[in-house]
Structures are given as structure tokens and as C-alpha cells.
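The values are calculated or read from the model by the stated rules, or taken from the named source; none is laboratory data. Everything quoted here is computed from the prediction, not taken from an experiment. All Cβ positions, glycine included, derive from the backbone under ideal geometry; neighbour counts span all protein chains shown.
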Amino acid sequence: MSRRPRGADAIPIFVVPDPFDAAAVAELRPRFDQIAESGSGDLILDFSDVDFVDSSGVGVVVFLYKRLAARGARLIVVGLRGHPRKLFELLHVDRVIETYDSLDDIDSEPVTARTTTVTP
């Protein structure tokens, strides 16, 4: 596994809102389209504060993964627990997309990524 870059080139973090359902996805769709088309590198989705995800939420994660992978970038998901973790495991999304329990588990270096907090 490659190490995350440090400093200004750090991987951006998108803090996923709770609940991450059809309404949240509809509101955030323009931001996800912008991220997918931006051409910037890897992206971390932080699910640490998420207790509920529906099929729309999983769908947009898969959408982002496909778009990023097509240009050689990684999508990393952190903080899955409870219902969201069970859903990702049931659908085997966790077998395709890199998942970690926390940001600190990505590697042993302190997290230096820029944080983008988005609330619906």
C-alpha cells in the first residue's frame, strides 16, 4: 500500500453527513460530481459520524470509486461502524474499496489531510 502524501499534497477528507440517505445524496450530488471531475488525486470519505446509510449512499460511494479509479486515483473509506459497516460488508463494497476503522489506521503517520466538512 502506498503511503499518503504529507502537507499541501495530503489526501482531502470528505466528512459524510448522517443520515447518508437519498435526501443527503441529492443535496450533495453537485459536490460529488465536482469531486469526480476535478482531476485531483485520492479522496477519503469519513463515515465516523454516520449511523445510517441507504442504497443511495452506497450508490454514490460506488460512483465516486469508479470515477476516481478510472483516472488512477483511490477512494478510501474510514470510520464505518454499525449499520453502515454491515451494509458495506453485505454488499461486499468493503472488498473493492479500501476501508479502515479510522484515519490513523491508514498509515502510522499523523493525519495531515485537508478536511472538507459538508453538512446537508
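Results, tabulated for the structure shown:
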item	result
All positions within the range 1-31 that are out of contact with any strand residue (DSSP E or B) (no Cβ under 8 Å at 6 or more places or on another chain), at pLDDT 90 or above and part of a loop (DSSP other than H, G, I, E, B)	Pro17, Asp18
Hey, Leu43 touching a Lys or Arg at 6+ places or on another chain (Cβ under 8 Å), hydrophobic (A, V, I, L, M, F, W, C) and without any contact (Cβ under 8 Å) to a residue 60 or more places away in the chain or not	yes
In the range 32-62, the residues that are modelled with pLDDT of 90 or more, over 11 Å from the mean Cα position of the chain (by Cα) and not polar (S, T, N, Q)	Asp49, Val50, Asp51, Phe52, Val53, Asp54, Gly59
Of all residues making up the range 54-80, the number that are surrounded by 14 or more Cβ atoms within 10 Å (Cβ to Cβ) and more than 19 Å from Ser40 (Cα to Cα)	7
